[in-house]
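Reviewing the structure listed below.
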Amino acid sequence: MGHEVRYRVRGGRQLHGTVFIQGAKNAVLPMIGASLMASTGRTVLRNVPIIEDVRRAVELARAVGARAELHETERTLVIDASSLDSPVLPADIASRFRGSFLFVPALLHRLGEAVIEGVGGCNLGSRNLDFHYNGFKRMGATVTEHVADNGDGIIHIKAGDLRGGTLYCDTPSHTGTENLIMAAALAHGTTLIKNAALEPEVLDNIAILQAMGAKISGGGTGFITVEGVDELTAVEHTVMPDRIDAGVFVMAAAITGGDLNLVGATLEHLGVAADKLEQMGVEFHQQGAVLQVRRDRTLRPINVITDEYPGFATDLQSPIMALSCLADGPSYIYERIFDGRFKLADELRKMGADIDVDGNRAKVNGPRGLRGAEVEAHDLRCGSALVLAGLAAEGETTITSAYYLDRGHAHTAERLSQLGAEIVREAD
Ligand SMILES: CC(=O)N[C@H]1[C@@H](OP(=O)(O)OP(=O)(O)OC[C@H]2O[C@@H](n3ccc(=O)[nH]c3=O)[C@H](O)[C@@H]2O)O[C@H](CO)[C@@H](O)[C@@H]1O
Ligand SMILES: C=C(OP(=O)(O)O)C(=O)O
């Protein structure tokens with residue numbers, strides 16, 4: 001990682017103004033994987049979020065032989081994958097972000113194999129990949145694991161000729177659906193994927209693949225059909241806005257009692273989270289591509305159950321835990337997707353929160369005034385929740401291990417400062 005990143009936040013400022021919502025992390029990463037499937041031409045991705053996961057994805061694309069240029073000021077990524085020549089996803093890059101596994105279908109199709117030295121992403125408890133492996137196997141691939149000299153497990157997937165079949169996800173896995181669609185796009189014959197994920201980012205990834213020439217139908221229904229084609233061509237595509245980034249800024253307005261214009265945010269993309277925030281006292285007004293949001297009444301407590309889209313997104317669960325610390329009564333949170341998200345409760349307690357945790361259920365006993373403390377971002381959403389808590393706390397909050405926050409949110413300090421927050425990013 002190289003350096004320690006910290007954010008220092010001094011709380012107590014209401015936020016007002018206009019903020020630009022970044023392009024979606026969870027849409028751009030599969031798109032970078034998709035762009036590697038085009039054997040000629042240059043893919044141009046616009047509205048790319050300038051986050052650490054994208055920087056790692058660019059490094060990984062180069063490691064497998066692609067030419068990738070990230071134009072940060074223009075938020076544009078140009079990828080020429082004609083020179084793809086290495087099937088190895090090296091541990092030092094691949095183990096730093098989850099999206100690395102989205103490179104596998106391109107490597108299988110273009111090079112006949114993928115060697116996975118590591119898969120990263122937030123450490124949220126058990127994060128299995130069996131739906132991906134089982135799907136690849138049903139299409140004719142072989143998956144083997146061996147142990148390297150240093151003790152690390154290395155996965156080797158050999159494609160042979162991938163052929164269509166009937167595939168499924170036991171639960172609608174986000175990246176699992178994307179990987180199976182990409183594997184099916186260039187396979188021989190027709191593939192049916194049952195219990196496919198419905199997330200907007202999955203649909204955006206289907207849109208770019210269709211523009212590239214893939215034949216995909218049923219996106220958003222849970223049953224996706226893919227008719228394999230012989231090749232995909234490079235295209236230009238604008239990445240959809242990041243609904244989790246939008247949700248965090250909604251909660252920044254809510255936790256400070258402010259009002260914000262979120263440029264690029266779509267209320268519908270928040271799914272049930274929008275309804276829960278309304279119940280807490282947040283007012284929304286969608287005006288074209290701008291979402292106006294404000295909170296000027298007492299925050300009410302809430303019940304949250306995380307679920308796949310359009311249910312309450314697990315990535316917004318940590319932020320709403322921070323917000324519910326200030327609510328006028330007890331809030332109940334049931335985390336159904338990941339079993340390791342509640343380390344946040346320990347950090348919020350350091351700031352004065354009163355939270356009872358029992359397995360994957362939490363009771364947040366509000367209202368509690370928060371005070372600044374030194375806290376640790378254990379994962380990306382833990383980081384964004386602690387920034388929110390810091391905005392509302394009395395005194396200074398220092399958030400350490402904040403590389404995690406930078407994995408998924410672009411220019412956090414700059415964007416919040418422009419809205420009136422006192423926040424700085426430090427790296428050494
Ligand atoms: C890069 C990316 O898009 N990351 C998102 C993606 O992660 P990711 O795609 O890894 O999340 P999944 O939807 O696959 O995982 C959901 C649940 O299914 C389980 N599972 C998943 C696959 C599998 O093969 N076997 C299995 O058991 C996981 O352990 C987890 O409990 O969706 C998550 C859930 O919305 C988000 O929090 C992440 O931000
Ligand atoms: C879990 C997350 O991301 P990833 O899947 O990339 O680790 C997240 O965005 O909160």
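At a glance:
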{"read-out": "Most positive-pole-ward Cα, A38, L380, A289, against dipole of the chain from beta carbon charges", "value": "A289"}
{"read-out": "Convex hull volume of region 67-119 per residue (C-alpha atoms, cubic angstrom)", "value": "85 Å³"}
{"read-out": "Volume per residue that the Cα convex hull of region 10-130 spans, once the total is divided by residue count, Å³", "value": "133 Å³"}
{"read-out": "Overall form of the chain per C-alpha gyration tensor (a/c, 1.5; a/b vs b/c)", "value": "prolate"}
{"read-out": "Gap separating the Cα centres of region 52-86 and region 167-238, nearest whole Å", "value": "22 Å"}
{"read-out": "Student exercise, region 48-105 dipole from Lys, Arg, Asp, Glu Cβ charges, in Debye to nearest 20", "value": "160 debye"}
{"read-out": "Subset of K137/K343; K194/K215; K25/K343; K137/K194 violating a 25 Å alpha-carbon distance limit", "value": "K137/K343"}
{"read-out": "The chain: angle of helix 243-256 to the longest principal axis, Cα-based, in degrees nearest 10", "value": "10 degrees"}
{"read-out": "Total charge dipole magnitude, the chain, about the Cα centre, Cβ charges on Lys, Arg, Asp, Glu only, Debye to nearest 20", "value": "480 debye"}
{"read-out": "Distance cut-off 15 Å, percentage of C-alpha pairs in region 5-64 lying past it", "value": "63 percent"}
{"read-out": "Computed helical MRE - 222 nm, the chain, DSSP H runs ≥ 4 contributing -39500 (n - 2.57), nearest 500", "value": "-9000 deg cm²/dmol"}
{"read-out": "Charge dipole (the chain, unit charges on Cβ, about Cα centre) - positive-most of Q210, T266, Q418", "value": "T266"}
{"read-out": "Modelled FRET efficiency - R0 56 Å, D85 with E283, Cβ distances, 0.05 increments", "value": "0.55"}
{"read-out": "Chain lengthening between D358 and L203 when straightened (0.36 nm per residue, less Cα-Cα)", "value": "52.3 nm"}
{"read-out": "Point-to-point label distance, N128-T40, nm (Cα→Cβ direction, 7 Å offset)", "value": "4.3 nm"}
{"read-out": "Cα long-axis angle, helix 25-35 against the chain (0 to 90 degrees, to the nearest 10)", "value": "10 degrees"}
{"read-out": "Full-stretch length increase - D275, D92 - with 0.36 nm per residue and alpha-carbon distance subtracted", "value": "61.8 nm"}
{"read-out": "Cα centroid separation - region 375-407 against region 90-105, whole Å", "value": "25 Å"}
{"read-out": "Cα gyration tensor, region 360-399 - rounded (a/c under 1.5), prolate or oblate", "value": "oblate"}
{"read-out": "Rounded to 10°, Cα long-axis angle of helix 52-63 versus longest principal axis of the chain", "value": "20 degrees"}
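Every number in this text was worked out from the coordinates using simple rules, so none of it is lab data. For clarity, every value in this text was computed on a predicted model and none was experimentally measured. Note that each Cβ is placed from the backbone with ideal geometry, even for glycine, and that neighbours are counted across all protein chains shown.
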